[in-house]
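These notes concern the structure reproduced below.
What follows draws every value from the coordinates through simple rules; no lab data is involved. It should be emphasised that the depicted structure is a prediction, and the values quoted were computed from it without experimental measurement. Note that we place each Cβ from the backbone using ideal geometry, even for glycine, and neighbour counts take in every protein chain shown.
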Amino acid sequence: MRHFTSVNDVTDIQQLVALARELKKNPLQNSELGKNKTLGLIYFNPSLRTRLSTQKAAHNLGLRVMDMNVGSDSWTLEIRDDVVMDGAASEHIKEAAAVIGQYCDIIGIRSFPSLNDKETDYKEEVIQKFIKYSGVPVISLESATLHPLQSLADMMTIEELKTKKRPKVVLTWAAHPKALPQAVPNSFAEWMNKAEVDFVITHPEGYELDEKFTKGATITHNQDEALAGADFVYAKNWSSYTNYGNIICKDKTWMITEEKMALTNNAKFMHCLPIRRNVIASDAVLDGPNAVVIQEAGNRVWSAQAVLKTILETQF
Ligand code: CP
């Protein structure tokens with residue numbers, strides 16, 4: 001594996017999940033693997049889990065870590081090609097990525113979408129330009145359209161908790177006051193479509209995700225029908241893909257409550273976090289025995305460590 005930007009970069013998903021589970025049992029088994037190598041973590045957007053879990057994973061492998069917030073710690077970057085740079089941006093991504101590649105052996109990039117221009121966002125210009133100009137392996141720390149480190153941790157969590165060979169996994173939309181990216185649901189769909197699960201997506205009309213990621217899933221606008229018999233409920237808001245970046249439904253009845261969870265097969269409740277309480281899910285669900293969001297967030301360490309270990313072993 002050279003880069004990790006989507007499920008398509010992974011040769012054997014089950015093997016990667018098994019590796020993450022193995023690392024969880026014995027975190028320091030490869031504590032010299034990254035010795036004298038440097039991981040650069042470059043953030044265009046805020047983070048709690050991704051920043052800390054990836055640093056922890058890198059330290060477990062003996063990697064040095066440098067992190068930088070673009071714009072506040074560094075110059076503001078121009079991403080577009082062929083522009084006269086007489087505006088706010090002081091440095092072009094061509095030089096910045098190439099320079100960071102001189103200092104780092106592996107680079108992680110977090111770069112959210114604008115939610116204004118679908119075509120540009122879905123081209124993934126930032127991460128693709130880091131791949132092109134840095135010359136080193138690049139890991140997505142959540143891009144404009146995907147969040148594969150999160151999805152790997154999600155898949156690992158389902159593997160740890162499932163009580164049947166082929167569980168029913170439901171991804172449900174819930175209303176949110178802000179327009180959010182489609183990266184987490186796109187990515188979760190992409191990974192679940194390759195897992196041994198019955199995968200159902202439920203959302204209001206107009207919230208269809210890009211078929212490139214959801215093809216193969218059962219999709220319904222009836223949330224209760226989707227939740228019936230579910231073994232895992234994964235709640236997430238996203239803004240409209242078709243009416244790009246807009247909020248077109250504010251229906252609060254999509255929030256996950258104890259009543260909704262009662263329709264399921266005693267399902268585990270998942271969310272990538274951060275979550276707005278009593279907006280996406282009720283306090284009772286989040287504080288209840290079936291919420292596994294903390295275990296899921298904890299698994300972000302092993303997800304990142306499995307990816308970094310694989311890159312270190314195959315690329316150096
Ligand atoms: N789930 C997740 O990626 O969390 P952060 O945005 O805090 O990194």
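Remarks
- Using 0.36 nm per residue and subtracting the Cα-Cα separation, the extra length available between Asn266 and Ala98 on full extension is 55.4 nm.
- The slack between Asp117 and Thr11, meaning 0.36 nm per residue of separation minus the straight C-alpha distance, is 35.0 nm.
- Angle of helix 148-161 to the longest C-alpha principal axis of the chain, folded into 0 to 90 degrees and rounded to 10: 40°.
- The range 150-296: relative contact order in percent, alpha carbon pairs under 8 Å with at least 6 residues between: 28 percent
- Fraction of antiparallel bridges per DSSP, the chain only, in percent to nearest 5: 0 percent
- Taken about its Cα centre, the range 115-161 carries a charge dipole of roughly 300 debye when the Cβ of each Lys and Arg holds +1 and the Cβ of each Asp and Glu holds -1.
- Per-residue ellipticity at 222 nm from helix content only, as computed over the chain with -39500 (n - 2.57) for each DSSP H run of at least four residues, stands at -10500 deg cm²/dmol.
- With respect to the chain, whose longest principal axis is taken over its alpha-carbon atoms, helix 125-134 is tilted by about 40°.
- For the range 1-64 and the range 222-237, distance of Cα centres in Å: 30 Å
- Of the trypsin sites (Lys or Arg not before Pro) found in the range 211-272, those that fall in a DSSP loop while having at most 13 other beta-carbon atoms within 10 Å are Lys215, Lys250.
- Global geometry of the chain, whether rounded, prolate or oblate, following the gyration tensor of its Cα atoms and the 1.5 cut on a/c: oblate
- Highest-fluctuation residue, Val17, Val292, Val70 considered, GNM on the chain with Cα pairs under 10 Å: Val70
- Computed 3J(HN,Hα) for the range 18-34, one whole-Hz value per residue from the Karplus formula 6.51 cos²θ - 1.76 cosθ + 1.60 where θ = phi - 60°, is 4, 5, 4, 5, 5, 5, 4, 6, 9, x, 9, 5, 10, 6, 10, 4, x, glycine and proline marked x.
- Label-to-label distance for Thr218 and Leu273 is 3.1 nm, based on points extended 7 Å past Cα in the beta-carbon direction.
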